[in-house]
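A.B. asks: The structure is given below, and queries will be raised subsequently.
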């Protein structure tokens with residue numbers, strides 16, 4: 001992972017905690033995928049992909065079909081481990097414009 005990505009994830013956790021989400025895990029790894037942040041918002045389980053980009057909108061565009069498949073694979077592993085039954089997938093984009101949380105991104 002590139003240093004910019006690690007730095008973005010650290011800032012993301014701080015931002016998420018300050019905006020009403022409670023971070024449960026970071027960099028969760030399972031066979032076939034990884035989730036940057038797992039959090040709770042108003043009781044909902046949220047899997048969050050953090051993307052860093054120079055301009056707003058560019059990071060979210062990099063969450064392609066293959067990346068979504070890997071995220072869903074890791075999410076299924078987490079759901080099986082915990083017994084949770086529902087979740088949502090968000091993208092938290094960090095750019096020169098700041099942070100932008102895209103809820104229910106896919």
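Readers should treat all values here as calculations from the given coordinates under stated rules, not as data from a laboratory. Owing to the predicted nature of the structure, the values given are computational and were not obtained by experimental measurement. Quick reminder, even Gly has a Cβ in these numbers, built from the backbone with ideal geometry, and neighbours come from all protein chains shown.
A.B. asks: Neighbour counts of other C-beta atoms within 10 Å: give me 101, 3 arranged from fewest to most.
C.D. replies: In increasing order of surrounding Cβ atoms, one gets 3, 101.
A.B. asks: If you don't mind, there's one more thing I want to ask. Any idea what diffusion coefficient the chain gets from Stokes-Einstein, in µm²/s, Kirkwood Rh on alpha carbon pairs, 20 °C, 1.002 mPa s?
C.D. replies: 156
A.B. asks: Relative to a virtual label point 7 Å from the Cα of residue 88 in the Cα→beta-carbon direction, which members of region 9-52 show backbone nitrogen distances below 11 Å?
C.D. replies: 41-47
A.B. asks: Right, something else. Compute the angle between helix 3-18 and the longest alpha-carbon principal axis of the chain, please, reported from 0 to 90 degrees and rounded to the nearest 10.
C.D. replies: Between helix and principal axis, roughly 70 degrees.
A.B. asks: Can you give the % of DSSP beta bridges in the chain that are antiparallel, to the nearest 5?
C.D. replies: Around 70 percent of the beta bridges assigned by DSSP in the chain are antiparallel ones.
A.B. asks: Please compute the modelled spin-label separation between residue 44 and residue 80, points set 7 Å along Cα→Cβ, answer in nm with one decimal.
C.D. replies: 2.6
A.B. asks: Among 30-41, 64-75, how do they line up by average Cβ neighbours within 10 Å per residue, starting with the highest?
C.D. replies: Those peptides, ordered most packed to least, come out 30-41, 64-75.
A.B. asks: Let me ask something else about it. Roughly what percent of Cα-Cα pairs across region 49-106 reach past 17 Å?
C.D. replies: That fraction is 42 percent.
A.B. asks: Same structure again: Helix 65-82: angle to the longest alpha-carbon principal axis of the chain, degrees 0 to 90, nearest 10?
C.D. replies: Tilt relative to the chain: about 40 degrees.
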